[in-house]
Structure formats: structure tokens, C-alpha cells
Amino acid sequence: MKVFNFTIIKLAMCLIIGILLGFYYTISWKISLCFSAISLLLLFTSYIIAKRQFNKTIWFGFLAYITTISIGVLCVNFHNQQHFKNHYTKYIDLNSESTKSVTFRINELLKPSIYNNKYIVDILKIEDSNASGKLLINIPRDTNKTTFNVDDVFIAKTKISLINSSKNPDQFNYKAYLKKQYIYNQLYISSSELFIVKTKNRTLFGYANWFRNRINLELKNYNFKPNVLAIINALVLGQRQNLSKEVQTNYTNAGAIHILAVSGLHIGIVLLLLNFVLKPIEHIKKGKIIKLVLILFLLWSYAVIAGASASIIRATTMFSIVAIGMHVKRASNIYNTLAISIFFILLFKPLFIFDVGFQLSYLAVFAIVAIQPLLYNLFSFRFWVVDKLWQIFTVTLAAQFGVIPISLYYFHQFPGLFWLSNLVVIPFIGLILAFGILIIILALLKILPQFLADYFGFIISLMNSFFEWIANQNQFLINNISFDFVNVIASYLLIITLTILYLKRNFKSLRNTLIAILITQATFIYTNYSHSNNSFVIMNKSRHTLITDKKNKSLKIYHNIDSLSNNKMIANYKTSNHIKYTIEDSIKSLYVVNNKKILVIDSLGIYNLKTIQPDYVLLINSPRINLKRVIDSLQPKQIIADASNYKTYVKRWDTTCTKQKIPFHYTSKKGAFIISY
């Protein structure tokens, strides 16, 4: 494929390979630094030799790729904050219960959970020593009457704790997610334990947060509904913390959640608006250079105000390159532009490669560039309106080809009416965004007419109602689609070969497409076979008991929960394991799994069994028993306690098992108990 003939694209791919190697394999930063230095030296030597040779060799190119891979590994090590000399982990003992004085600055406001307000903070000091690094802060919502702002500095006497990994199979691993943002630990603290420190030092993100707060303060004077104000914040300012779960679900199920994430679409519209508004500057002396500088400054200012997320930085970098290309009047290849933006973003933020929004954005743009012209040329229409609607439809369809495989892998659902959502909204999203920016400017200047605010609020409410209607068409929303990573690779291989076959209808392209079809079929056979195992799992479910027994594609669930209809834990487990049949039942007193007996002792504390010697004893619902007597009587190989028990009971049982020298498994601490057979 000709696209891979561009050097910058090959270098970007090598950088990605290096980043993945550096992340998944422990390579010392000293080794990676030495290897990069040697590679650069050899590359420079090869360049000097190649300049003097008439017949070119492959060595310069080979060394360039090896050097780029080594730089990718070095980037991961260089940005790993745990390698910093004054990282906070150098001053604390995570296994100790002692508290230390921690000084930190609020860096980012996260979407609150049911029980806690969440913040990402930068560590400034541990006791009296200067320190660095990021932490996740959890503050109970009932103790935190006010919301903290970016750049607020606090001191707290507290203990830094580990972030818990996922406790159940196929559950979202929040610990791994935060690790990719260089966040390794957390604090649980009440607002009464925080002591604010007065400081005049402000960061760029602090000023951006102050500006966003000022905008919201002015907008509240115009009586916007909460959902409308939340949409304005998401659509224009890139802040989705205040979006209700209902609204976010509606946009997701309608296949339009990308509208609420400031990304390429929004940055591209802002660039067009700036290019139009600043057009008169071209007529003054050196006006074109001044215009370019202003556009770049305003683009990046908007990016910072909108939160500078991975997708925003990606889009702003790409459109900055486009703006420069427009200035020098050079028709830049879009593949080169994308590759350059990928290369420089990952050079400074290597772990952005794991950001889902980052991946979706690039895959969508690549698909639009490669596939949309092919789809658009399938039909031609005489009427301008119909032609434009067809163009929008093909853009939407091409983007879906680019993101469907990875969307199925991450989200396991497919919105069947995505084309209708985009066909209706995309033509107007530019006007809505421009209208929103105008509303904000007029509100800040205190000259916004109420009728204009009401009209904009009506448009947003209409858009919300439309997506709510789309989301409620449940028959078009396909949920719980089982899709593994090997399926993703095979799907993209098939899409690429089909695209090449359409462009080049020859035997080689046909052969490659048929091979891709066979590989795709093989991956589905493999995933079905790989999930045809049996497993008995005692899940970790707070205040409840949840046991699953998986046999091939069927799942039997034993539980004491009122309803499992909206249980994400079970839904994720069923989807990841390709479950087709489900049966629910009540908790049994005895289970036999692969000739191993599991005795369940519940709150009644009944266990007087003389004929059965269990291999495991499962304690549920806080039974009042003498565990030593149970162990002496039944002589099990292991004691298990799930999350339905009181913690004081569990602590006592743990001590007893330690004295009796018998293994003790507590699901809240060690995760689900799994027996594979």
C-alpha cells in the first residue's frame, strides 16, 4: 500500500513499537539511554558514508528504524515519574501504617463517583522534603460542601495507599488505567483534614480552570437548564464532569458521544472560524505571518482551556501542521500530516498510545481519508442538497469502518442508528459550536440578550431530545458483543485488504483478501475454542454473595441479589467469556466442583456434617461461629470469606487461620476465588 512508502509513517510506526516494548518489558533507563546513544552514533556514521556512496545500501534505513525504536523505549523510561530522583515513593513506605505530612496541588477535577469527589493532584512535599509525582485524591461527598479548584494547595497528615486492582475477572482495571497516566497511589481523606495553603503561584491549567469557572458563572445568569449547561461545557469547553449519566448514556447509545468530546471535528471548525475572522490581517505588512502566529496561539489557548486531553492535543497538533501548510501554500499529504502529529505527540506523551480517544480519533481520520472517497464515488447526485447529505453519510460510514473493530473490543456494543445521528447533527455542529462560542463571548462581555440565550438553550434541548429518542430505539442497539483483540487485528486486516482490492482489482489483491477472510474466520474459531473452559468463581460483591459456575458457553449464577438485570460485573463476565446461556439460582449449602467439595456456612452457622469432608469452607453473611472449632471438625484445605461478611469478623478469622496454619482467602483483599477445571 502506497501510504506505507512515506518515511515519516514508517518512523511513527517504529516509535510506537518502541513505546510498546518499553511499557510491557522492564528495560533499564540506563540501558535504553546507552542503546539510543550508540544507535544515533551509528546512524550519523552511516549517513556520512551513504552521502559518499553512489550505490545506496539498506543500512542507513535499517539503523534509522532501530534508532527510532530505541528512542521509543527511552521516551517511556524518561517520562516514567517513578524514575525521578524526588518522586514521592522515595519518601514513603506503603506497607507502613504511619502517616506523613503531604503537601499537594490540585491538578485536575475528575467526574465524581457515587460516594466521592475525585481529583488528580501534584505532590509538592512529603514532610519537609520537596517531592514530585501524581496522586488520586478521594474526598467523601458528604464532607465536601465546596468544590476545590485547580491550583489550590493543601497540606494533610495522612497515609498514602495503593490503588486496588480489579477484584473480579474481566472487570475494568482502574489501577492499570491510572498507571498509564503515571498515577500509582491514592489518598482517602475528608475535607476537614485538609488545610489550605495560600499561594500566588498559578499554572497555565489553573488560569484555564479559572477562566472556565468565570464562563460558567456568567452563563448561570441566563437560566440555562443543568443539562443544557453541561452540554455547553462538554461541547465548547471540553469538560464532561457535570454530564448526567442519563445524557451521557443517550449520546453513547445514539453513536454520537464524539460530539461531546472536543477533538478533530471541533478543532477543525475552530481553525476555519479563526481563518475566516482573521482574514483581514493578511492585508497589512507581514500580515500572513502575524495571522499564522495568532491562529496557532489561539488554537493552543483553546486546547488548554478545553482541558488538553489526549484527543485535544492530537487534534491541535495536526491542525497546527495544517495551518502551517495553508500559510506556505503547500499541499501537504494528509497521511504525512497525521504521522507527523502522531510522532511528535508520542515523543512528548508516549503513553497517549493507550488512550482510547486517541486511538479512535486517528483510526476514524485514517478511514475517512482512505475509504470515504471510494464510497462517495459509488453514486453521483444532481441535486446539491442530496449530494451533500450523501457526502456526510459516506464520511460517517467510513469513520465507522475505522472504529468499529476497536469500539467492539472496548465497549462491546454497536449503535445501529449511528448514521442517522450523524446525518442530522453533523451538518449543523459547526453552526452550533460557533453559536456556542459567540454566546460565551457575549456573556463574558455582559451583552448577551436573553432571547439569544433562550434560543441557544432551545437548540441544545432539541439536540438532547433527538439523541434520547435515538437511544430509546433499543431494537437498533446491539449490546454485549464478544470481541477479543485477535478479532480486532483480523478485522483491520480484512478492511485494509478489501480497500486495496477495490483500488487494485488483480490476482494479488484478491489472494490477500481471501487470506484475510480465512484469518478472520480462524480468529473467531480460536476465540470460541479458547473460551470453552470451565471455571467456578466466588465473586467479590459488596454486602452480597455471588457465585458463578461456567461450563463451556453456559453460566449458572448463584446469588442473593434482588436483580441481576443491570449488574455490570455479570454482564462483563458473560461478554468476555462468550456466554450464550444463563441460569440463575439461590445459594446452595454444598458445591462439588471437579471432585472438590465447597461447604457454604451462612449466617445460621450450621455446618454439622459427619459424612462429608469439604476441601473448602466458604463463609458468607457473617456467621457467628468458632472458626477454630470448624477447622478442627471439618479439616478443610482452605477457608474463603466473601464481601458479604463484616470486616471485624474477617479480621478475626484471618488471625485464626494464621494460627491454625491454613490458607485464608478474603475476596475484598485478594479478589475473586477461582477454580478452573
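Based on every Cα atom in segment 133-208, Rg and the maximum pairwise Cα distance Dmax equal 14.8, 47 Å.
Rolling a 1.4 angstrom probe over the protein heavy atoms with all chains in place gives segment 382-517 an accessible area of 55 Å² per residue.
Put Thr582, Thr648, Thr316 in order of accessible area, highest first, and with a 1.4 Å probe you get Thr648, Thr582, Thr316. Taking all Cα pairs closer than 8 Å and separated by 6 or more residues, the relative contact order of segment 7-149 comes to 21 percent.
Put a dot 7 Å past the Cα of Thr199, heading toward its Cβ, do the same for Ile674, and the two dots end up 4.2 nm apart.
Think of segment 485-622 as having a plus end and a minus end, set by charges on the Cβ of Lys, Arg, Asp and Glu; of Ile583, Ser565, Ser530, Ser530 sits farthest toward the positive end of this dipole.
Distant-in-sequence amide contacts of Val600, defined by a placed amide H-H separation under 5 Å and a gap of 5 or more residues or a different chain, comprise Leu590, Tyr591, Leu618.
Legend: residues Leu346, Leu397, sorted from most to least accessible area (1.4 Å probe; ligands, DNA and RNA excluded), read Leu397, Leu346.
Using the alpha-carbon positions of segment 614-677, Rg (one decimal) and Dmax (whole number) come out as 11.0, 33 Å. For the chain, a crude dipole built from +1 on the beta carbon of Lys and Arg and -1 on the beta carbon of Asp and Glu, taken about the Cα centre, is about 1200 debye to the nearest 20. When the Cα positions of Val403, Ile155, Ile368 are compared along the charge dipole of the chain, Ile155 comes out farthest toward the positive end, with charges on each C-beta of Lys, Arg, Asp and Glu. Using 20 Å as the cut-off for backbone N distance, which residues of segment 633-677 belong to the label zone defined by a point 7 Å from the Cα of Leu94 along Cα→Cβ? Residues 666-672 qualify, since their backbone N sits under 20 Å from the label point. The magnitude of the dipole of segment 118-192, with charges of +1 and -1 set on the Cβ of Lys/Arg and Asp/Glu and taken from the Cα centre, is near 280 debye.
Determine the distance separating the Cα centre of segment 355-409 from the Cα centre of segment 610-636; give it in Å without decimals. Measuring centre to centre over Cα atoms gives 61 Å.
With the gyration tensor restricted to C-alpha atoms of segment 547-658, the semi-axes of the equivalent ellipsoid amount to 28, 17, 12 Å, longest first. For the chain, the share of DSSP beta bridges that are antiparallel, to the nearest 5, is 70%.
Maximal additional length on extending the Lys388-Leu564 stretch stands at 58.8 nm, based on 0.36 nm per residue less the C-alpha distance.
Restricting the calculation to Cα atoms, the chain shows an Rg/Rh of 0.99 when the hydrodynamic-style radius is the Kirkwood one.
Stretching Ile289 away from Lys659 to a fully extended chain increases their span by 125.4 nm, per 0.36 nm per residue minus the current alpha-carbon distance.
Per residue, the chain reaches -17000 deg cm²/dmol at 222 nm when only DSSP H runs of four or more residues are counted, each adding -39500 (n - 2.57). When the pairs Lys167/Lys588; Lys556/Lys637; Lys551/Lys669; Lys118/Lys245; Lys100/Lys134 are compared against a 18 Å limit on Cα-Cα distance, Lys167/Lys588; Lys556/Lys637; Lys551/Lys669 fall above it. Using only Cα positions of segment 470-547, each an equal point scatterer, no hydration layer, compute I(q)/I(0) via Debye at q = 0.11, 0.17, 0.19, 0.27 Å⁻¹ and quote the log10 values to two decimals. Cα-only, vacuum Debye calculation for segment 470-547: -0.54, -0.85, -0.91, -1.10.
With a Förster radius of 35 Å applied to the C-beta separation of Gln248 and Ile334, the computed FRET efficiency comes to 0.65.
Note down the relative contact order for segment 507-651 as a percent, whole number, built from C-alpha pairs under 8 angstrom at least six residues apart. Let's see the in-between values first.
Working: 211 pairs, mean separation 26.7, N = 145.
Relative contact order, segment 507-651: 18 percent.
A straight line joining the Cα centroids of segment 444-489 and segment 221-272 runs 8 Å. The residue among Gly255, Ser668, Gln239 whose Cα reaches farthest toward the positive pole of the charge dipole of the chain, with charges on the beta-carbon of Lys, Arg, Asp and Glu, is Ser668.
Distances over 27 Å make up what percent of all Cα-Cα pairs in segment 89-225? Pairs farther apart than 27 Å: 25 percent.
Note that segment 243-341 presents 47 Å² accessible area per residue, ligands and nucleic acids not counted, probe 1.4 Å.
Rounded to the nearest 20 debye, the dipole size of segment 520-599 about its Cα centre is 140 debye, using +1 on the Cβ of Lys and Arg and -1 on the Cβ of Asp and Glu. With the highest mean first, a sort of the peptides 536-543, 428-435 on other beta-carbon atoms found within 10 angstrom per residue produces 536-543, 428-435.
Quick one: angle between helix 264-277 and the longest Cα principal axis of the chain, in degrees between 0 and 90, rounded to 10, please. That helix lies at roughly 30 degrees to the long axis. Considering only protein heavy atoms, what per residue accessible area in square angstrom results for segment 579-677 with a 1.4 angstrom probe? Roughly 60 Å² per residue, with all protein chains present.
Overall, the accessible surface of the chain at a probe of 1.4 angstrom is composed of carbon and sulfur to the extent of 62 percent. Nearest 10 degrees is fine. How inclined is helix 450-471 to the longest principal axis of the chain, computing both from alpha carbons? It works out to around 60 degrees. Each listed q (0.15, 0.19, 0.23, 0.24 Å⁻¹) maps to a log10 I(q)/I(0) for segment 208-261, found by the Debye formula over equal Cα scatterers with no solvent: -0.41, -0.64, -0.87, -0.92.
Relative to the longest principal axis of the Cα atoms of the chain, the long axis of helix 334-348 lies at roughly 50 degrees. Accessible area ranking (1.4 Å probe, heavy atoms, ligands and nucleic acids excluded), largest first, for Phe383, Phe60, Phe319: Phe383, Phe60, Phe319.
At 1.002 mPa s and 20 °C, plugging the Kirkwood radius over alpha-carbon pairs of segment 209-315 into Stokes-Einstein gives what diffusion coefficient in µm²/s? In µm²/s, the coefficient rounds to 140.
The values are calculated or read from the model by the stated rules, or taken from the named source; none is laboratory data. Keep in mind it's a predicted model, so treat the numbers as computed, not measured. Positions of Cβ are generated from backbone atoms using ideal geometry, with glycine treated the same way; all protein chains shown enter the neighbour counts. Only protein heavy atoms, including side chains, enter the accessible area calculation; ligands, DNA and RNA are left aside. Shrake-Rupley method; radii C 1.70, N 1.55, O 1.52, S 1.80 Å.
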